[in-house]
Structure formats: C-alpha cells, structure tokens
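Below is one structure, written out as structure tokens; comments come after it.
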Amino acid sequence: MGSGSTGPEPALLPRPVDIRAGAGGCPLTPATTLAAEPACAGVAGWLRETLSRSTGLPLPATTSAPASPAAVPPDGAGPATTITLSVDPALAAEGYHLRVRPDGVTVTGGTPAGVFYGAQTLLQLMPPAVYRRAPVGAGPWTVPAVEITDQPRFGWRGFMLDVARHFMPVAGVLRIIDLLAAHKLNVLHLHLTDDQGWRVQIRRYPRLTEVGAWRTESMVGSRQHERFDGRPHGGYYSQDDLREIVAYAARRFVTVVPEIDLPGHTQAAIAAYPELGNRPDEPVAVSTRWGVSSRVLNVSDETVSFFRHVLDEVLELFPSRHIGIGGDECRKDEWRASPAARRRIRDLGLADEDALQAWFIRQFQDHLTAAGRVLYGWDEILEGGPPPGATVAAWRGPALAVAAARAGHDVVACWDSAAYLDYRQSAHPDEPIPVGTVLDVADVRAFEPVPPELPTELRHHILGAQCNLWTEHADSPRAVDYLAFPRLSGFAEAVWSPASTDPWHDFTRRLSGHLDRLTAMGVEHRPPAGPLPWQRRPDARGWPRERADRAAELAALTSNVLPTASDGAGGR
C-alpha cells in the first residue's frame with residue numbers, strides 16, 4: 001500500500017501496484033450516472049449491465065459529473081454521483097488509475113482495456129453481492145474512498161482449457177471467460193483437438209466432427225487402473241459457436257488462441273479420415289484411453305494440404321495473432337516403421353525422425369506466417385530444429401524457457417511444476433482423482449515466470465505465463481471449478497502484480513475475502529480445509545507422483561533438447 005494511506009487496504013486480488021486508502025466513500029444510488037468517452041462505450045455498456053443486474057441501479061448515461069457532490073435530486077433518490085470512464089494514452093496500455101471520492105468514481109486507462117481492468121477493480125471494492133446475476137438485497141452500495149495506480153507485469157496472462165478430453169458446452173466456456181476477465185487474465189488458450197476428440201467444425205472436412213467428436217466411452221480415473229465408464233461422450237463447437245465465443249471474449253479483452261494439435265495427438269482426426277494416418281488399412285476409433293496415442297499423422301503432401309485447409313478455416317474464426325499447432329508428445333514409432341516416412345527423410349536429407357517432425361511443423365509455420373500469424377507450440381517444437389519466429393509454450397520446466405529464449409524465441413511460461421491445475425492440491429487421500437505432484441494455491445502464487453538464470457538481455461522474450469487445465473479428470477464444469485479455483489486466483493496475482501520476494505505476504509487475508517466473490521459468482525471452488533463430500537471421487541482412483549520422480553522424468557524427456565538449444569542451434 002502506498003504512503004499516506006488513511007485506512008485499511010481493501011482485499012483486492014490481484015494486488016495493485018499502488019493503493020492509497022482514504023476516508024469515507026462514494027454512494028451509488030438511483031441518481032448515480034455513468035459518463036464515458038466514446039472510446040469507452042463498450043466498457044460502459046458492460047459495466048452498466050454488470051452493476052444493474054446485481055444492484056438494480058439504472059446508471060443512465062451522462063456527459064458530465066454533477067455540479068455539486070452533495071446534490072440530492074428532488075425525489076430523494078440519493079446523491080447524484082457519477083462514474084466516469086476515460087482514456088489517457090500517457091498510461092500503460094493495460095494500466096489504469098482509479099479514484100473514488102464522495103462525489104464520484106473516475107476510471108482512466110491507457111486504452112479501453114485499461115479502463116476495463118480499472119472497472120474490474122471497482123467491482124472488487126464493492127460487496128461480493130455485486131457479482132450476483134440479480135439483486136439479493138437493497139444495498140446500500142458504497143465504494144470506499146481510494147486511489148489506485150496499477151498496470152500488469154506481463155502482457156500474456158493466460159489460461160489453457162482442454163475441451164478435447166471432456167467437452168465443455170458454449171455456456172460453460174462463456175462463464176470461464178467472465179471468470180478470467182474478473183481476474184484480469186487476457187488469454188484463453190483452447191485446446192480443441194486431441195486423440196480423444198475433435199471439437200471444431202471444419203466445413204471442408206465434415207467427418208472431423210461427425211466421427212471425430214465422439215468416443216464410445218471414457219476412462220474412469222487414472223489410466224493405470226484400466227477402468228472405463230461404458231458411456232459415450234462427445235460434442236463440438238459449430239463455427240457460429242466459436243464466433244460467439246471469440247466475440248464475447250473480445251468484449252472482455254480476452255484473446256482466444258486456438259490449438260489444433262499435430263502431428264501427434266491426432267487419433268480422432270485419423271479415425272475420421274484414415275488416409276491421414278500411417279496405417280490406413282488398419283482403421284482406428286477415437287481414443288477412449290487417456291495418455292498419448294501411437295497413431296500420428298503421416299507426412300505426405302496430401303496430409304500437409306489437408307491441415308493447411310483446416311488452418312485456413314481456423315484463421316477465419318480466430319483473429320488472434322497466435323495460432324496453436326501443438327507439436328508435443330509425437331511418438332515416432334509409426335514413422336520409424338513407415339517406408340513412406342523413411343523415404344521422406346531420405347529425400348529431404350534429414351537426420352532422423354525428430355528432424356522430420358521439425359520439417360512437418362515448418363510447413364505450417366510458413367503457412368501461418370504468410371497469413372500474418374505466429375505459430376504457437378509446446379516446447380517439443382524445439383526438437384530437430386525449431387521453426388524460426390515461433391512462440392514457445394515452455395511446459396517442461398524453466399530450462400526449456402531459457403533454451404527457447406537463447407534461440408531467439410518468445411516464450412510463454414507454463415511449466416507443470418507451477419502451472420498445471422489438474423495436479424492434486426494436497427496429499428490428503430480425499431483429493432478427487434489425485435494425479436501429478438502436489439500443487440497448492442501457495443505454489444501457484446509463488447510461480448515466477450522469469451527464470452533467474454535467464455540473462456537480463458533476453459528477458460524480453462518472456463511474454464508472460466499461462467496455467468493449464470487438462471480435463472481427463474474434469475468431466476463437468478463443477479470439476480473444472482474445483483481444480484481451477486482458488487489456484488487460478490493465485491496465478492492471476494503472479495502474472496499481474498509486481499515481482500515479490502514474499503508472494504504469500506498478505507495473500508491469505510485477501511484471498512479469504514476473494515473466496516466470497518467466487519461464491520457469489522457461482523464458482524464451486526476448493527475450500528481451504530479440503531474437498532467437501534460431493535467434491536470427492538472415491539469411485540475413481542488417481543496416480544499421485546512425487547516431485548523428485550517427476551523432476552527425473554522431465555530431465556530424461558529434455559535430455560536431447562537442452563544441449564542443442566543452449567548453444568543457440570535450437571530451443572523450444
């Protein structure tokens with residue numbers, strides 16, 4: 001909190017750069033008006049809609065503040081205060097200045113996005129009931145006096161939602177967008193395709209959803225236990241669904257980044273079009289198993305053309321600068337056994353199958369670059385020679401982020417040891433389907449996206465960070481809520497607020513108040529004391545891991561990447 005404060009610091013999350021609490025506050029009444037510059041019209045519409053549904057206040061538009069802060073309309077509706085929204089280019093693009101005085105509230109942002117984040121802070125200054133979708137009380141609605149200057153630490157503040165393993169209907173995705181916006185996160189990375197399902201309509205290839213969007217059953221619990229539920233699962237987004245999602249997100253300054261995973265994680269596509277695979281005479285169904293399939297795309301010109309056409313339709317739907325192509329966990333067994341793949345390696349003069357994958361990915365890098373977009377891939381794209389200009393999602397540890405930055409790539413930090421929200425939240429046996437290492441809210445809040453060993457002159461390559469939620473074990477929005485919150489709240493502070501040597505300081509106090517907001521928003525978050533009875537899954541066994549075991553596993557996975565990447569020849 002800044003110097004000169006006259007009251008207790010409000011429980012804001014993420015914590016602002018500078019906050020100065022004052023005395024008193026500004027009442028919002030039936031006479032309160034909302035004034036906005038033309039550039040802020042969209043934010044004003046969103047704020048009026050949000051406040052009116054929970055408070056019942058009309059907040060009519062006006063062009064100026066009232067002449068007297070104490071003026072009371074003749075009908076006794078209360079003080080005629082004003083909320084004013086404006087843009088000041090002198091501020092950081094996503095930064096804002098929020099001032100609350102008895103006569104009104106002013107929110108000034110470097111751009112409309114900054115104004116929007118200032119308005120989100122305004123909501124947090126009010127009682128949690130402001131997040132309800134209808135009034136639950138008559139108020140009063142008083143905003144405490146305060147002055148806040150704020151801006152984010154990172155430009156990429158993201159959340160990856162896997163809708164391939166378990167499909168989430170459109171309404172659920174829109175709700176997730178609202179929750180991201182409430183936490184000042186600005187990227188929704190949608191993992192749309194995998195071995196277990198294809199979730200995006202492609203007009204040119206209808207069987208991708210007619211066949212690829214459905215599987216006959218799903219595993220129950222971790223794959224090591226070989227249990228299945230016998231229940232079909234599926235779903236996909238029509239192109240109009242995706243247009244709606246993108247537009248809804250844009251109004252909340254969230255960019256939707258799609259991911260079409262290739263050349264691995266493609267069994268659902270091969271089930272729809274067997275000619276894409278390496279064994280077209282051996283039909284395969286959409287995978288019902290968790291884990292990584294051995295079925296991968298072949299490397300023919302026809303398959304490259306097929307996915308260029310797929311990406312063309314994806315580009316029509318998603319205006320994001322980055323387009324995800326996966327590139328992760330591609331098993332090479334089929335390529336080693338394929339005469340066509342070996343012939344392609346020989347004809348291209350490549351060293352091995354890793355180099356073949358790099359060649360394959362570069363075909364789409366070139367295609368996206370020609371369309372004015374940037375390829376976004378997991379850190380395996382560093383293997384075999386990374387595509388120049390690609391942005392790397394470093395999930396296998398900070399060493400991969402350093403390797404990618406040294407090779408000249410921009411990086412989004414998302415290593416599993418700090419940012420995988422499907423990992424178990426405690427070592428308690430009641431945690432539902434416990435997988436991975438323990439990753440609690442304190443661990444996520446302590447996430448530092450900039451590796452300390454990264455040279456200062458390369459730190460501009462760290463665009464930011466994202467946390468990832470894989471949904472093998474999250475088959476409903478309720479399960480997603482439990483895994484995501486409140487850890488996502490801690491992550492939001494890690495990527496917005498200034499770097500801290502003591503990130504846990506005062507966080508628990510503010511998080512306690514924030515849990516009331518989550519409850520008002522209908523989020524079934526994990527309670528601090530552990531899962532409630534209906535959040536447990538005694539019917540589905542997990543597969544917990546220890547940190548030392550996971551560290552050794554990742555070291556083995558990256559042993560063929562880091563030496564090459566560290567000398568500047570590669571990196572992902």
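Here are a few things to note about the model shown:
Condition check ((1) of a type in the set (K, R); (2) part of a helix (DSSP H, G or I)) across all residues:
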| position | (1), (2) |
| --- | --- |
| L356 | no, yes |
| R362 | yes, yes |
| L368 | no, yes |
| I381 | no, yes |
| P386 | no, no |
| R396 | yes, no |
| A404 | no, yes |
| V412 | no, no |
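- Of the candidates A418, A479, A442, the single residue that is among the small types (G, A, S), at pLDDT 95 or above and either over 23 Å from M521 (Cβ atoms) or under 15 Å from the mean Cα position of the chain (by Cα) (or both) is A418.
- The helices (runs of 4 or more DSSP H) falling completely within segment 458-533 that include 1 or more residues that are of a type in the set (D, E, K, R), farther than 27 Å from A171 by Cα and in contact with a Leu (Cβ under 8 Å, 6 or more places away or on another chain) map to 507-520.
- Filter result for the condition that a residue is at pLDDT below 95, surrounded by 20 or more Cβ atoms within 10 Å (Cβ to Cβ), not assigned by TED's automatic domain parsing to the domain that holds A247 and not hydroxyl-bearing (S, T, Y), over P74, P79: P79
- Residue in segment 274-323 that is farthest from the chain's Cα centre (by Cα), counting only those that are crowded, with 19+ Cβ neighbours inside 10 Å, more than 20 Å from D354 (Cα to Cα) and of a type in the set (A, V, I, L, M): V286
- Filter pass, L375 being within 24 Å of L463 (Cβ to Cβ), assigned to a helix (DSSP H, G or I) and touching a helix residue (DSSP H, G or I) at 6+ places or on another chain (Cβ under 6 Å): no
- Subset of segment 91-115 (residues that are closer than 15 Å to W496 by Cα and without any contact (Cβ under 8 Å) to a residue 24 or more places away in the chain): A93
- Residues in segment 238-255 that are within 15 Å of T193 (Cα to Cα) and under 18 Å from the mean Cα position of the chain (by Cα): L242 only.
- Within segment 198-244, the residues that satisfy the criterion of being buried (at least 22 other Cβ atoms within 10 Å of the Cβ), of a type in the set (A, V, I, L, M, F, W, C) and not in a helix (DSSP H, G or I) are W198, V200, I202, A213, M219.
- Some residue of segment 291-302 being touching a helix residue (DSSP H, G or I) at 6+ places or on another chain (Cβ under 6 Å) and part of a helix (DSSP H, G or I): no
The values are calculated or read from the model by the stated rules, or taken from the named source; none is laboratory data. Remember, predicted model here, so these are calculated numbers, not experimental data. All Cβ positions, even for glycine, are placed from backbone atoms using ideal geometry, and neighbour counts span all protein chains on display.
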